[in-house]
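First comes the structure, then the notes that go with it.
The values are calculated or read from the model by the stated rules, or taken from the named source; none is laboratory data. Bear in mind that the values here come from a model prediction, so they are computed numbers and not experimental data. Glycine gets a Cβ as well: all are built from the backbone with ideal geometry, and neighbour counts include every protein chain shown. All accessible areas refer to the heavy atoms of the entire protein, side chains included, with ligands and DNA or RNA removed. Shrake-Rupley method; radii C 1.70, N 1.55, O 1.52, S 1.80 Å.
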Amino acid sequence: MNESLENILLEVSRSPEIDGGNLARASQFILDSALKGLDITRVSIWELQPDKQSMIATALIDTLRQDAETPVLRKSELPSYFEALETERTIIANDARNNPITAELAPDYLPEYGIYGVLDVPLRHKGEMIGVMCCETRKEHRSWTPDEVAFVGVLADIYGRAVSAAERERFEQLLIRQNEQLESMVAERTQSLTKALDNFKQAQERLIETEKMAALGKLVAGVAHEVNTPLGISVTAVTHCEHRLKKLKQAFTEGSISKKQLNQFIDDTFEAYDLLNSNLERAATLIQNFKKTAVDQSSFELVDCQLKDYLQALTLSLKPMVKKKKVSIDIRCDEATTLRTYQGALAQIVTNLISNTNEHAFVEPDEEHRILISAEPEKDGVQFVFSDNGKGIDSDTLKDIFEPFFTTSRHNGGSGLGLSIVYNLVTQKLKGEIDVQSTPGEGTVFSFYLPNLQK
Ligand SMILES: Nc1ncnc2c1ncn2[C@@H]1O[C@H](COP(=O)(O)OP(=O)(O)OP(=O)(O)O)[C@@H](O)[C@H]1O
Ligand SMILES: [Mg+2]
């Protein structure tokens, strides 16, 4: 190939326009080079349409005519021309109007533009013919040289490279756009999830607060009931004494009082005082126990809790809750075992667990119901085991019991919050862990570990 053609090809091949991704710019550059190398006045690129039945010009340089319009080349009108493009490397027609392949262009196209010679090279991409580059001469007796044929062949290959670059660019842009869309979608989702989470946290805090009040309410109701009995007895005893005293006063005023009567009165009064004493003492003890639990429950202070005393006081105050059934609550804990924790939260946990045994575990009225609470020091904390010998929980139910709003007794007014509160208190407020195991027919065991908390 002669040197000037080689130099042009080198320039085209090295140009950043080719791989830049802009096919229109690359096409113009290739056509300019063809014009320069072949010394012609008209060159164009035609693109095969998706239905493969026609081609339209996508780039054109004509130095003599600047027609805005170009015809459509149709396969139905130019069958030999289309076939040649599909099968041959290059169509070399020095006398295009009489060449068997290009003669089809003769009636309209060639004379219209004053064309005599045609050097048409098919454009291919990924092995498929995608169009044609038409190099046309208006000189009557011009022969295309083998160098020129090779030259346009290389230009056509370079065009293929430009198509690949444009395709890559298109995909990259698409990818960038999709990435941007994805990023904005993720940002949007994250925002709505964060909001939902915030709402959920708020709702949860409200629920904890509500449940705290509910547990306190149960405690107050239980204690009030329990205190009512000794106070009632005391009031009766006082009324009885008052009645006897009035009678004595009357007999004394009438001067009819006998020694026997006076003795009887003194005996009765001592008996009433005994009754008063024991019942008022019982009420005082109950109130003391209630203070231990109820005050902590509302204050939620971090304290060093002497577990044995605390659990005993707490369960005593909760006894009314399970009073209707025969329930024994056994506490196994060394005197020395202490835990630095939020006592109120611990009270709430135990209250909920006891309330659950009463509502769900102990269903057989005649059986002997037992609750065992053990607390043993472990690592820097205490391992608690809370077990009942009730009806147990089947495995299907067991996996959901810590879920908020999960309950098997909605019809009885259960909200399904008790154990979810327990779970949150153990794992969040008290930084511990909780686990449950159950055998239907035998009972349920809640084990939870609570660490000593730092002040
Ligand atoms: N000791 C237990 N024995 C058998 N089943 C239990 C026991 N403790 C809990 N359950 C089961 O776990 C479910 C969830 O308990 P949770 O305390 O969360 O809700 P609830 O007691 O039904 O309602 P709420 O506590 O809000 O009044 C209960 O409905 C019950 O089926
Ligand atoms: Mg419950």
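A few points about this structure:
Yes/no matrix, rows are residues, columns are (1) in the same structural domain as Ile18 (by TED's automatic domain parsing); (2) modelled with pLDDT under 95; (3) under 59 Å from the mean Cα position of the chain (by Cα):
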{"residue": "Asp32", "(1), (2), (3)": "yes, no, yes"}
{"residue": "Ile40", "(1), (2), (3)": "yes, no, no"}
{"residue": "Ser44", "(1), (2), (3)": "yes, no, yes"}
{"residue": "Glu47", "(1), (2), (3)": "yes, no, yes"}
{"residue": "Ala68", "(1), (2), (3)": "yes, yes, yes"}
{"residue": "Ala103", "(1), (2), (3)": "yes, yes, no"}
{"residue": "Ala106", "(1), (2), (3)": "yes, yes, no"}
{"residue": "Leu110", "(1), (2), (3)": "yes, yes, no"}
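- The numbered conditions (1) away from ligand 2 (no atom under 12 Å from the Cβ); (2) among the charged types (D, E, K, R); (3) free of Cβ contacts under 8 Å to residues at least 60 places away in the same chain; (4) farther than 22 Å from Val327 by Cα are all true for Lys429 except (3).
- Qualifying position, being assigned to a helix (DSSP H, G or I) and more than 16 Å from ligand 2 (Cβ to nearest atom), among Leu346, Leu372, Leu339: Leu346
- Put simply, of Gln348, Gln343, Gln288 the only residue that is within 15 Å of ligand 1 (Cβ to nearest atom) and modelled with pLDDT under 90 is Gln348.
Residue by residue, here is whether (1) in contact with a Gly (Cβ under 7 Å, 6 or more places away or on another chain); (2) among the aliphatic types (A, V, I, L, M) holds:
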| site | (1), (2) |
| --- | --- |
| Glu367 | no, no |
| Arg370 | no, no |
| Ala375 | no, yes |
| Phe384 | no, no |
| Phe405 | yes, no |
| Val426 | yes, yes |
| Thr439 | yes, no |
| Tyr449 | yes, no |
| Gln454 | no, no |
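- Phe446 vs. criteria open to solvent by less than 70 Å² (accessible area, probe 1.4 Å) and either at pLDDT below 90 or not in a loop (DSSP other than H, G, I, E, B) (or both): yes
- Against the list (1) within 20 Å of Thr58 (Cα to Cα); (2) among the charged types (D, E, K, R); (3) surrounded by 15 or more Cβ atoms within 10 Å (Cβ to Cβ), the condition Arg142 fails is (1).
- Test: residue in segment 328-336 that is away from ligand 2 (no atom under 16 Å from the Cβ), outside any helix (DSSP H, G or I) and under 17 Å from Val426 (Cβ atoms): no
- Pairs where the first residue, in segment 313-333, is more than 20 Å from Leu346 (Cβ to Cβ) and the second is modelled with pLDDT under 90 and open to solvent by less than 50 Å² (accessible area, probe 1.4 Å), C-beta under 6 Å, 6+ apart: none
- Residues in segment 399-420 that are open to solvent by 50 Å² or more (accessible area, probe 1.4 Å), within 6 Å of ligand 1 (Cβ to nearest atom) and touching a residue at least 40 places away in the same chain (Cβ under 8 Å): Thr408 only.
- Test: residue in segment 315-325 that is within 16 Å of ligand 1 (Cβ to nearest atom), at pLDDT below 90 and not in a helix (DSSP H, G or I): yes
- Members of segment 85-100 found to be surrounded by 15 or more Cβ atoms within 10 Å (Cβ to Cβ) and over 17 Å from Glu140 (Cα atoms), listed by number: Leu85, Thr90, Ile91
- Matching entry among Val163, Val227, Val238 (being in contact with a helix residue (DSSP H, G or I) (Cβ under 9 Å, 6 or more places away or on another chain) and either under 28 Å from Leu425 (Cα atoms) or modelled with pLDDT under 90 (or both)): Val227
- Scope segment 379-398; condition more than 9 Å from ligand 1 (Cβ to nearest atom), open to solvent by 80 Å² or more (accessible area, probe 1.4 Å) and not in a helix (DSSP H, G or I); matching residues: Lys379, Asp380
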